[in-house]
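Down below is the structure, laid out as C-alpha cells.
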Amino acid sequence: MKEYLKNLINNDTEFLNLINDLITNDTVLQMKNFRQHYETTCFDHCLTVSYYCYLICKKYNLDYKSAARAGMLHDLFLYDWRIRQPDRKGLHAFTHGKTACQNACKLFNLNSKEKDMIIKHMWPVTPIFPSSLEGLILTFVDKYSALSESFDILKSRLFMKRTFRYTYALLSLIILKF
Ligand SMILES: [Fe+2]
Ligand SMILES: [Fe+2]
C-alpha cells in the first residue's frame, strides 16, 4: 500500500472507528497472509477498497458505513487463489464473493446491503447486478484498485528491462518533439 494512503487511513479516525471490529478480528487479520495482486496482500487490498468506497459514498451522501464494512470484507475468502484446491468447486472469480460473504457472516452481523455488496462485487464477471448504488461503487473501486496494484508492479518490472527503458525514452523524446 502506498505510504500516502496509509497515512490518510491512519489519520481518519471516523473511518477507522467504522471498521475497527473488523480490522482487529483474528480471522480478518489472516488476510495479511495471502497475496491478492502481486505484492499487495488481501488485507491491504480490502482496506484500500474499503477506504475509497467510504470516501466516495460519504461525498455523495450514501450509506458510507455499509460501504466501508462491505469493502473491508469483500475478499474474505482466506486461501491462495493461485493454487487450485481440490475441495473448492468452481472458478475463483465466480465463487469467491459468496465464500467471502459466508465467512463474514460467521463473524459479524451484516445487513442485507452489505451481504449483497460482497456477493455481487465481481459484476460484470458474475452476471447479477448489485442491488445498491454502494454495491455498484464497490465493483468499480475494486477493479480500479486491482488495476492500480498490478500496474505499479508491472511498470517497475518492465523498467528493469533495458529494451523497455530505451523504447520508453525514445518514445518520450518523439512525443516531446511534437
Ligand atoms: Fe474479489
Ligand atoms: Fe477485491
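The values are calculated or read from the model by the stated rules, or taken from the named source; none is laboratory data. Just so you know, these numbers come straight off a predicted model, no measurement behind them. For neighbour counting, all protein chains shown are included, and Cβ atoms are generated from backbone atoms with ideal geometry for every residue, glycine included.
Figure legend. Inter-residue proximity from the stretch 88-111: first residues more than 15 Å from M72 (Cβ to Cβ), second residues loosely packed, with under 14 Cβ neighbours inside 10 Å and of a type outside the set (D, E, K, R), beta-carbon distance below 6 Å, spacing 6+ or different chains. Indicated pairs: A93/V125. Criterion first (more than 15 Å from ligand 1 (Cβ to nearest atom), among the hydroxyl-bearing types (S, T, Y) and either in contact (Cβ under 8 Å) with a residue 24 or more places away in the chain or surrounded by 15 or more Cβ atoms within 10 Å (Cβ to Cβ) (or both)) does Y79 satisfy it? The answer is no for Y79. In summary, A93 fulfils each of the numbered conditions (1) surrounded by fewer than 23 Cβ atoms within 10 Å (Cβ to Cβ); (2) farther than 24 Å from L154 by Cβ; (3) in contact with a Ser or Thr (Cβ under 9 Å, 6 or more places away or on another chain); (4) aliphatic (A, V, I, L, M) with the single exception of condition (2). Which numbered condition in (1) in contact with a Gly (Cβ under 9 Å, 6 or more places away or on another chain); (2) more than 16 Å from ligand 2 (Cβ to nearest atom); (3) of a type outside the set (K, R) is the only one that N17 fails? So N17 meets the others, but not (1). Among residues of the stretch 33-47 that are part of a loop (DSSP other than H, G, I, E, B), those with a beta-carbon under 7 Å from a residue that is crowded, with 23+ Cβ neighbours inside 10 Å at least six positions away or on a different chain give the pairs F34/C42. Across the stretch 49-88, the number of residues qualifying as within 17 Å of S148 (Cβ to Cβ) and in contact with a strand residue (DSSP E or B) (Cβ under 8 Å, 6 or more places away or on another chain) comes to 1.
Checking each residue of the stretch 21-29 against the condition of being over 15 Å from the mean Cα position of the chain (by Cα), modelled with pLDDT under 95 and over 19 Å from F140 (Cα atoms) gives no match.
The set of residues in the stretch 111-146 being among the hydroxyl-bearing types (S, T, Y) and surrounded by fewer than 16 Cβ atoms within 10 Å (Cβ to Cβ) consists of S112, S131, Y144.
The single residue among T163, T95 that is more than 27 Å from E14 (Cβ to Cβ) and within 13 Å of ligand 1 (Cβ to nearest atom) turns out to be T95. Taken together, the residues in the stretch 121-172 that are assigned to a helix (DSSP H, G or I), away from ligand 2 (no atom under 16 Å from the Cβ), of a type in the set (S, T, N, Q) and under 24 Å from the mean Cα position of the chain (by Cα) amount to 1. When the stretch 68-97 is limited to residues that are among the small types (G, A, S) and within 14 Å of ligand 2 (Cβ to nearest atom), the one that is nearest to K32 (Cα to Cα) turns out to be G71. So which residues in the stretch 56-76 are in contact with an Asp or Glu (Cβ under 9 Å, 6 or more places away or on another chain), within 11 Å of ligand 1 (Cβ to nearest atom) and of a type in the set (A, V, I, L, M, F, W, C), if there are any at all? Answer for the stretch 56-76, where residues must be in contact with an Asp or Glu (Cβ under 9 Å, 6 or more places away or on another chain), within 11 Å of ligand 1 (Cβ to nearest atom) and of a type in the set (A, V, I, L, M, F, W, C): just L73. Of the listed requirements (1) within 14 Å of ligand 2 (Cβ to nearest atom); (2) among the aliphatic types (A, V, I, L, M); (3) assigned to a loop (DSSP other than H, G, I, E, B), L62 misses just one: (1). With respect to the stated conditions, T99 fails to be at pLDDT below 95 and hydroxyl-bearing (S, T, Y).
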